[in-house]
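S.K.: I am attaching a structure below and will ask some questions about it afterwards.
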Amino acid sequence: MQVDTPQVLFKNRHLGRPATLAEYRAGGGYEALAATIGKRTPAEVLQLVLDADLRGRGGAGFPAGRKWQGVPTDHVGTRYVVVNTDEMEPGTFKDRILVNADPHLVIEGIVLCAYSIGASEGVFFIRPSYEGDAELIEQECRVAREHGYLGNNILGSDFSFDLHVHRSAGRYICGEASAQIKAISGLRPNPRKGGPRTAVKGLWDCPTIVNNLETLANLPGIVRNGPAWFKALARSATGSGTKLYSVSGQVARPGCYELPIGVTIREIIFEHAGGMAPGKTFKTVIPGGASTPFLPEALLDLEMDFDPMRAAGQRFGTASLMVFDQGTCLVGATLSLMEFFARESCGWCTPCREGIPAIRELLRRIEGGQGTEEHIQMLTDLLPVLDKAYCAFAPGAAEPVRGLLTHFMNEVNAHIVQKRCPFGNPPPTLRGKACGTRPIQFGPTPCPEDQCPI
Amino acid sequence: MPDLIIDGRAVSVPKGTMVIEAAERLGIMIPRFCWHKALGAAGACRMCAVMFTAGPVKGLEMSCMTPAADGMVVETFHPEAVAFRRSIIELLMVNHPHDCPVCDEGGHCLLQDETISGGHSLRRFPGRKRTYLDQNLGPFIQHEMNRCIHCYRCARFYQEYCGYRDFGPMQNANRVYFGRFDDGALENPFAGNLADLCPTGTLTDKPARFVSRRWDCLRAPSVCLHCSLGCNVTALSRYRRVARIEARENAAVNGSFICDRGRFSAGYEAIPERPRSARLDGNAVPAIEAETALAARLAALAEKHGPGSIAILGGLRSTMETQAAGIALAQAAGWRAPAFFATRTEQAATQAALAVLTPPRARSLAEIGKADAVLVLGVSPLFDAPMLALALRQASRAGAKIIVADPRPVALPLPFTHLPVPPRQFPAVLAVATGSPDAAAAAAQKRLPFAPELWPGLETAAKALAAAKRPALVFTPGLAAALPDDDRLGLFPVLAQASSAGAALLAPTDAPGLDELAADVAAGRVKGLVVVEADLFAAAPGLAAVLGKLDLLVVLDYLPTPTVAAAHIVLPTTTIFESGGILAASDGRLQAASPVQSPGDPVARDGAGSHPPRAFDRPLPGTDPAPAAFLLDRLARGLGLTLPREPLAALAAAIPALAGLDLAALPQDGLRPAFAGLAAPLPAPLPLSAESGLAVIYTDALFATDEPGRYAPLAQAQTQAGPPVLLLHADDAAALGLADGLADGLAVSLECGNRLVPATLHLSRAMARGVIVVPRVPDLAGLPPILGPCGLRRR
């Protein structure tokens, strides 16, 4: 554990198990809630969040306060908070660790958000592989209810809010806010574009705030210590707060680290994650989860913050660093990301539904040594098409390919010239079986997703 | 009104119009797959990308999802947009099987058009194509999933537009499958539109499959005959039979769609039983011989008994030209006034239903779809006028409250309030629902004291209609006289048959009902009867029973009805596909149908199933049928009379509602005349007392209960074999001792005239008390209006 950087979200991580209510309260837990409910108006809480410049931790970095401002004040009826824990971005695992470290921090954050927008119901949307976490949250919600932090008349006030856990069916696209709302409603989770925002018309057509779990977990700190404290946590000028960085790949100590926003990538990899694994040499890193491009070594001193990253043509994303060493074939790495994206597309728009599998097919050929110059041209032609997809899924999927073609073209060419993978990877399966995707009544499909060739 | 420039041309469009629609106004067809005028934008196909070079939006954007705004400059042929669209086409073709030569859509395929116009001609992508297994989707729609380009039009139409759930998208990524959980017929009675909507050959018209390439078909605009709404269709004919029917756009009537009854009920024009040659006393004779004999016999009758002993009877499925010719002949020859309707009351009611359609109150079908509260009285939309159900669905989707008062169990794909009331209570329902909402509760209790279950629904109806900005009332003709005099309330009548409105417009006020005619025949006052395109056994069983008393029965028809079989002289007529003509829809809209094929046996039969015969020296077989108006004119000449050259125009000139209209040049969308001074509404018919028995309510099925549809093989195939199914309220059944043990599906007999008709009795609680719901089949046409105590008995 690092001791030199402030640990706000991971304060109780040192326990090595989920902190209990007593342990959370011992560290000042639920003080923010007690100081808020009945003492501050919801507008004051909103102002605190606006002043703290809390930006969404789910990838897009939209300011949370501005999102909440969109909730119509004159709405009569239920408002909802949806907690997005559908953490399916490859390389991202911060929410799981956060829930397991301090579940009550998360619950307090959710209740504060609900108080600010006047929500009476919350949905904890969690991916199905996090079943343990779902049960943990359910159990800790019961504890919180017993102690009056959740449920009817929270802390004896007339504010009531309850949270229930909704297990996702397990699709990456369900992490998109509008798709998530559809998924909860039992509809096909195609993202929605145009029309009123979810803050105006979301779950069951009521105002709904969908926020990432980590975003909401920052609220107790902001409310208790004030926006100035929160802004001071960051190291960069434009950033605020700390961030959970998931570091994976060829580093000495992969893991999730809470560090200020604005630390450099070099510092994360080479100081906090202990540098490269023994005997490995750094080649590149994907800085923000699977839907961000490869970052060349020259940009390692980039500050990890939303605006500086964007200015450098990179994306902060979920701050999940996947580190690759010199022995990794980047064509193969990109291909395995494309396998993921091709499988997880919702199938709504053409660039995503047809374009990503086409990229995957081309990468399979190149990786298998059957690639030609023409295939590179096709890849180049496809990228701008993916950028004009319906939602942000396909543009995200295009990023690693773009990074590959921009910074590591020599590796791609080596595959084509040598007619094999220079790193010795075996050729990927080029020919799957023809996929008879016929729906069989409520049974397994003949083509399970992990074997499906398309 | 945003002003924008598209391809260098300025256009000004209403606020909220999408750029793709704005371009359409200029005649610029931006390529599209998922966008459809009726379904709106989905943003799924990304085909309609255009370049925005100046204005509030910049860069490459989808024209279907970008509302037109002031100052926009759009280039549809910008190189970047063209390249992008070509890439999209290329991606769509990656998995398309490219089996155009064996695909029924070939030649009218949007994907073909866009692929060729987009300039994609060579496949670059390696790899195999995706394949799917297909499903059996029933008799109307053929499924070929491999051809699918996933535009989601079918799913959006099926689930959102129509409100049915049994067909839709499944799975994700590029495995998305449009189908059902399991094989089976589509439940949606508008599913035929999927064939029109699908931009590829994924969903095609199954009965028309492999019948003809579309470019080989003769095509003509036509009007649907299978209910009174007058939906616009395009008839496609090949080898002298109608190969298929497609929806024809009419923004005021059916929009872009038609129902499956209208689409799949053609085929009666090509059945082998159709009367194709004139018959004289049961023997086929040349037409001229039959006509000469007819003139001679009519002249003899007129001489012997006077011209008043001859009556002419017009049908409600004829064009207005035919109806007018019959009226003109009767007038010229001094025969009795022509009869069209079952009773004088029915004729007066139909005329009154049109007379109330003053300009501020008349609504078109499309306007019903935009109403914000609709009270439907005495109509079961899905069966009496299917497209009305689709219009109501659109109103309901926009938030309209729908209330249906009908004695039958009503099923609709939308949330609605059903008030199961017997017809005699319609005026009370109407009075309460259109009265003051505050007094509705009290009025409901006062007017309908014995139906407390209806009070809440009536109160809702009154409140919804009072609060609505565009309330509308859909009614049957019987209620025309009871309608409130309130210009706020839009009116839309649903009539009995396709040409009921035409007959009501044209029929002279002294026209007798068929019941009077039956009495006259029975009393010997009428000796000769000329029946034009009507089946007496279905329309007037009372008259059919006394046909034996006639000296002369002449039938002009294109359907092999029992009346044709009973006739002394038969003259075959042409169908609307062969002669065209003008039809008046239920809201009085006059619409013209064009002929699409020549009369004559279909080549399939003429050539004995083999290649079309090459004998050019012989007359085309089966071409005796002639337009009824033409035959009546010839008959008049044979009698030494002269009819006006254009009987309809001549007759119309004398009718205030139609005077001054140019019937020869009706606009494409049809023409709705103002009906001022058509006829004064008559007092409402006396309510029938239900105390002595069960009121008989005829109900339509989706298929084969309309007269032409009964002779359409495909529509007929959709009906269930076995005895007709009757519906009775469970409590009534209990009172009659019919609810024991075999509560559902009890074998009963129904007294019909002097026969006992076997039937199956089903019970329901979603219907009115005191009524029995009977299918509209000729077998049961002779039921009395009130079924006596012994009318229904256990078999």
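The values are calculated or read from the model by the stated rules, or taken from the named source; none is laboratory data. Bear in mind that the values here come from a model prediction, so they are computed numbers and not experimental data. Quick reminder, even Gly has a Cβ in these numbers, built from the backbone with ideal geometry, and neighbours come from all protein chains shown.
S.K.: Applying the selection to region A:69-87, what residues are of a type in the set (A, V, I, L, M, F, W, C) and surrounded by fewer than 21 Cβ atoms within 10 Å (Cβ to Cβ)?
M.R.: Going residue by residue through region A:69-87, those that are of a type in the set (A, V, I, L, M, F, W, C) are A:71, A:76, A:81-83.
Result: A:76, single match.
S.K.: Further question on the same structure: Among residues belonging to region A:329-379 that are farther than 29 Å from residue A:179 by Cα and of a type in the set (Val, Ile, Thr), point out the one that is nearest to the other protein chains (Cβ to nearest Cβ).
M.R.: Only one residue tops the list, namely A:372.
S.K.: May I pose another question? Pull up region A:380-395, narrow it to residues that are within 9 Å of another protein chain (Cβ to nearest Cβ) and hydrophobic (A, V, I, L, M, F, W, C), then point me to the one that is surrounded by the most Cβ atoms within 10 Å (Cβ to Cβ).
M.R.: Of everything passing the filter in region A:380-395, A:385 is surrounded by the most Cβ atoms within 10 Å (Cβ to Cβ).
S.K.: Next up: Filter region B:15-56 for residues that are within 13 Å of chain A (Cβ to nearest Cβ) and farther than 27 Å from residue B:398 by Cβ and give the result.
M.R.: Matches in region B:15-56: B:31, B:46, B:47, B:49, B:50, B:51, B:52.
S.K.: Got a sec? Which of A:350, A:445, A:437 is within 21 Å of residue B:178 (Cβ to Cβ), crowded, with 21+ Cβ neighbours inside 10 Å, modelled with pLDDT under 90 and among the polar types (S, T, N, Q)? If you could, list the steps in order and put the result at the bottom.
M.R.: Numbers: A:350 fails: modelled with pLDDT under 90; A:445 fails: crowded, with 21+ Cβ neighbours inside 10 Å.
It is A:437.
S.K.: Among the residues of region A:160-169, is any at pLDDT 90 or above, over 16 Å from residue A:119 (Cα atoms) and part of a loop (DSSP other than H, G, I, E, B)?
M.R.: no
S.K.: Filter region A:229-271 for residues that are among the polar types (S, T, N, Q) and under 15 Å from residue A:55 (Cα atoms) and give the result. So that I can check it myself, show each step before the final result.
M.R.: Going residue by residue through region A:229-271, those that are among the polar types (S, T, N, Q) are A:236, A:238, A:240, A:242, A:246, A:248, A:250, A:264.
Matches in region A:229-271: A:236, A:238, A:240, A:242.
S.K.: Among the candidates B:545, B:567, B:538, B:519, which residue alone is out of contact with any Gly (no Cβ under 8 Å at 6 or more places or on another chain), surrounded by fewer than 24 Cβ atoms within 10 Å (Cβ to Cβ) and over 30 Å from residue B:587 (Cα atoms)? It would help to see each step written out before you state the result.
M.R.: Details: B:545 fails: out of contact with any Gly (no Cβ under 8 Å at 6 or more places or on another chain); B:567 fails: surrounded by fewer than 24 Cβ atoms within 10 Å (Cβ to Cβ); B:538 fails: over 30 Å from residue B:587 (Cα atoms).
Sole residue among the options that is out of contact with any Gly (no Cβ under 8 Å at 6 or more places or on another chain), surrounded by fewer than 24 Cβ atoms within 10 Å (Cβ to Cβ) and over 30 Å from residue B:587 (Cα atoms): B:519.
S.K.: Pick from B:12, B:63: which is farther than 21 Å from residue B:119 by Cα and either within 14 Å of chain A (Cβ to nearest Cβ) or among the hydroxyl-bearing types (Ser, Thr, Tyr) (or both)?
M.R.: Values: B:63 fails: farther than 21 Å from residue B:119 by Cα.
Unique residue meeting the criteria: B:12.
S.K.: Quick check on this structure: which one of A:248, A:320 is more than 28 Å from residue A:365 (Cβ to Cβ) and more than 14 Å from chain B (Cβ to nearest Cβ)? It would help to see each step written out before you state the result.
M.R.: Numbers: A:248 fails: more than 28 Å from residue A:365 (Cβ to Cβ).
Exactly one residue qualifies, and that residue is A:320.
S.K.: Also, quick follow-up: Exactly one of (1) out of contact with any helix residue (DSSP H, G or I) (no Cβ under 9 Å at 6 or more places or on another chain); (2) surrounded by fewer than 14 Cβ atoms within 10 Å (Cβ to Cβ); (3) of a type outside the set (Ser, Thr, Tyr) is unmet by residue A:145. Its number?
M.R.: (2)
S.K.: Any residue in region B:86-100 that's within 8 Å of chain A (Cβ to nearest Cβ): show its pairings with residues that are assigned to a loop (DSSP other than H, G, I, E, B) at Cβ separation under 6 Å, as long as the two are six or more apart or on different chains.
M.R.: B:88/B:46; B:88/B:47; B:92/B:149; B:94/B:125; B:95/B:129; B:95/B:130
S.K.: Can you tell me which residue among A:202, A:175, A:221 is over 22 Å from residue B:41 (Cα atoms), surrounded by 20 or more Cβ atoms within 10 Å (Cβ to Cβ), in contact with a strand residue (DSSP E or B) (Cβ under 8 Å, 6 or more places away or on another chain) and of a type in the set (Gly, Ala, Ser)?
M.R.: Values: A:202 fails: over 22 Å from residue B:41 (Cα atoms); A:221 fails: in contact with a strand residue (DSSP E or B) (Cβ under 8 Å, 6 or more places away or on another chain).
Sole residue among the options that is over 22 Å from residue B:41 (Cα atoms), surrounded by 20 or more Cβ atoms within 10 Å (Cβ to Cβ), in contact with a strand residue (DSSP E or B) (Cβ under 8 Å, 6 or more places away or on another chain) and of a type in the set (Gly, Ala, Ser): A:175.
S.K.: Take the conditions in contact (Cβ under 8 Å) with a residue 24 or more places away in the chain and in contact with an Asp or Glu (Cβ under 6 Å, 6 or more places away or on another chain) and apply them to residue B:578. Does it pass?
M.R.: On the way: in contact (Cβ under 8 Å) with a residue 24 or more places away in the chain: yes; in contact with an Asp or Glu (Cβ under 6 Å, 6 or more places away or on another chain): no.
Against the criterion (in contact (Cβ under 8 Å) with a residue 24 or more places away in the chain and in contact with an Asp or Glu (Cβ under 6 Å, 6 or more places away or on another chain)), residue B:578 does not qualify.
S.K.: Find the residue count for region B:46-59, including only residues that are surrounded by 18 or more Cβ atoms within 10 Å (Cβ to Cβ), aliphatic (A, V, I, L, M) and not in a loop (DSSP other than H, G, I, E, B).
M.R.: Count: 3.
S.K.: Identify all residues within region B:581-609 that are out of contact with any helix residue (DSSP H, G or I) (no Cβ under 9 Å at 6 or more places or on another chain) and in a loop (DSSP other than H, G, I, E, B); write none if there are none. First the steps, then the outcome.
M.R.: Within region B:581-609, the first condition is being out of contact with any helix residue (DSSP H, G or I) (no Cβ under 9 Å at 6 or more places or on another chain), and the residues that meet it are B:591, B:594, B:603, B:606-609.
Scanning region B:581-609 gives B:594, B:607, B:608, B:609.
S.K.: Looking at B:180, B:214, B:175, which is the one that is among the basic types (Lys, Arg), within 14 Å of chain A (Cβ to nearest Cβ), surrounded by 18 or more Cβ atoms within 10 Å (Cβ to Cβ) and over 29 Å from residue B:719 (Cβ atoms)? Give the derivation first.
M.R.: Working: B:180 fails: over 29 Å from residue B:719 (Cβ atoms); B:214 fails: within 14 Å of chain A (Cβ to nearest Cβ).
Answer to the selection: B:175.
Here is a yes/no grid of residues against (1) surrounded by fewer than 19 Cβ atoms within 10 Å (Cβ to Cβ); (2) at pLDDT 85 or above; (3) part of a loop (DSSP other than H, G, I, E, B):
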| residue | (1), (2), (3) |
| --- | --- |
| B:716 | yes, yes, no |
| B:726 | no, yes, no |
| B:737 | yes, no, yes |
| B:749 | yes, yes, no |
| B:789 | yes, no, yes |
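S.K.: Looking only at region B:701-714, which residues are in contact with a Lys or Arg (Cβ under 6 Å, 6 or more places away or on another chain) and either of a type in the set (Val, Ile, Thr) or surrounded by fewer than 21 Cβ atoms within 10 Å (Cβ to Cβ) (or both)?
M.R.: B:702, B:705
S.K.: Go over the candidates B:495, B:505, B:479 one by one and state the one that is under 32 Å from the mean Cα position of the chain (by Cα) and under 30 Å from residue B:164 (Cα atoms). Quick ask: steps written out before the conclusion?
M.R.: Values: B:505 fails: under 30 Å from residue B:164 (Cα atoms); B:479 fails: under 30 Å from residue B:164 (Cα atoms).
Among B:495, B:505, B:479, only B:495 is under 32 Å from the mean Cα position of the chain (by Cα) and under 30 Å from residue B:164 (Cα atoms).
S.K.: What are the pairs with Cβ atoms under 7 angstrom where one residue, in region A:410-432, is within 22 Å of residue B:128 (Cβ to Cβ) and not assigned by TED's automatic domain parsing to the domain that holds residue A:373 and the other, located anywhere, is among the hydroxyl-bearing types (Ser, Thr, Tyr) and modelled with pLDDT under 85? Sequence gap at least six, or different chains.
M.R.: From region A:410-432, no pairs qualify.
Condition check ((1) assigned to a loop (DSSP other than H, G, I, E, B); (2) over 23 Å from the mean Cα position of the chain (by Cα)) across all residues:
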site	(1), (2)
A:316	yes, no
A:321	no, no
A:333	no, no
A:356	no, no
A:376	no, yes
A:384	no, yes
A:394	no, no
A:401	no, no
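Here's the yes/no breakdown for (1) out of contact with any Cys (no Cβ under 8 Å at 6 or more places or on another chain); (2) surrounded by fewer than 23 Cβ atoms within 10 Å (Cβ to Cβ); (3) of a type in the set (Phe, Trp, Tyr); (4) under 30 Å from residue B:173 (Cβ atoms):
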position	(1), (2), (3), (4)
B:12	yes, yes, no, no
B:16	yes, yes, no, no
B:62	no, no, no, yes
B:75	yes, yes, no, no
B:106	no, yes, no, yes
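S.K.: Something else now. From the list B:163, B:127, B:138, B:119, pick out the single residue that is small (Gly, Ala, Ser), facing chain A (nearest Cβ under 7 Å) and surrounded by fewer than 22 Cβ atoms within 10 Å (Cβ to Cβ). Break it down stepwise before answering.
M.R.: Working: B:163 fails: facing chain A (nearest Cβ under 7 Å); B:138 fails: facing chain A (nearest Cβ under 7 Å); B:119 fails: facing chain A (nearest Cβ under 7 Å).
None of the others qualify; the one that does is B:127.
S.K.: Considering only region B:319-348, state which residues are more than 18 Å from residue B:498 (Cα to Cα), β-branched (Val, Ile, Thr) and touching a strand residue (DSSP E or B) at 6+ places or on another chain (Cβ under 8 Å).
M.R.: Listed by number, the list holds a single entry, B:327.
S.K.: While we're on this one: Answer yes or no as to whether residue A:169 is in contact (Cβ under 8 Å) with a residue 40 or more places away in the chain, crowded, with 23+ Cβ neighbours inside 10 Å and of a type in the set (Gly, Ala, Ser).
M.R.: Values: in contact (Cβ under 8 Å) with a residue 40 or more places away in the chain: yes; crowded, with 23+ Cβ neighbours inside 10 Å: no; of a type in the set (Gly, Ala, Ser): yes.
No: the conditions fail for residue A:169.
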